[in-house]
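Written below as structure tokens is the structure these notes are about.
Since every read-out is calculated from the coordinates, none of them should be taken as a lab result. Fair warning: this is a prediction, and the values are worked out from it, not measured in the lab. Every residue, glycine among them, receives a Cβ derived from its backbone with ideal geometry; neighbour counts consider all protein chains shown.
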Amino acid sequence: MSESSVDGEAVKHVAELARIELDDEDVAEFAEQFDEILSYFDALDEVPAVDSETELVNVMRPDEVESSLSQEEALANAEETEDGYFKGPTVS
């Protein structure tokens with residue numbers, strides 16, 4: 001890589017905002033890493049834009065009322081019930 005676009009002062013500023021203490025070696029390492037990360041974003045700028053379909057289509061079916069289980073039928077195989085409801089384990 002050529003000369004870094006992220007200088008040590010920027011790294012120190014971010015470290016200060018994050019309340020992290022960095023020595024000079026860490027500052028140099030992070031500056032290099034930040035520069036590499038930013039180069040990935042530059043690569044994204046080179047990706048050609050793709051036309052996308054903007055029209056949304058409702059793919060949901062309409063609600064239909066159907067018969068269902070009674071409360072007793074729904075609770076028939078439950079290990080534990082209480083006052084007509086399923087009873088699960090206590091979560092603390």
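Annotation: V65 fulfils all but one of (1) more than 30 Å from Y85 (Cα to Cα); (2) over 24 Å from the mean Cα position of the chain (by Cα); the unmet one is (1). Inside the range 10-42, residues that are on the phi < 0 side of the Ramachandran plot, loosely packed, with under 10 Cβ neighbours inside 10 Å and more than 24 Å from the chain's Cα centre (by Cα) make up a count of 4. Has the range 75-85 got at least one residue that is more than 30 Å from E9 (Cβ to Cβ), surrounded by 10 or more Cβ atoms within 10 Å (Cβ to Cβ), within 36 Å of the chain's Cα centre (by Cα) and not aliphatic (A, V, I, L, M)? Taking every residue of the range 75-85 in turn, at least one turns out to be more than 30 Å from E9 (Cβ to Cβ), surrounded by 10 or more Cβ atoms within 10 Å (Cβ to Cβ), within 36 Å of the chain's Cα centre (by Cα) and not aliphatic (A, V, I, L, M).
Are there any pairs, at least 6 apart or on different chains, whose C-beta atoms fall under 8 Å, with the first in the range 16-39 and without any contact (Cβ under 8 Å) to a residue 12 or more places away in the chain and the second among the β-branched types (V, I, T), and if so, which? Hits for this filter: L22/V11.
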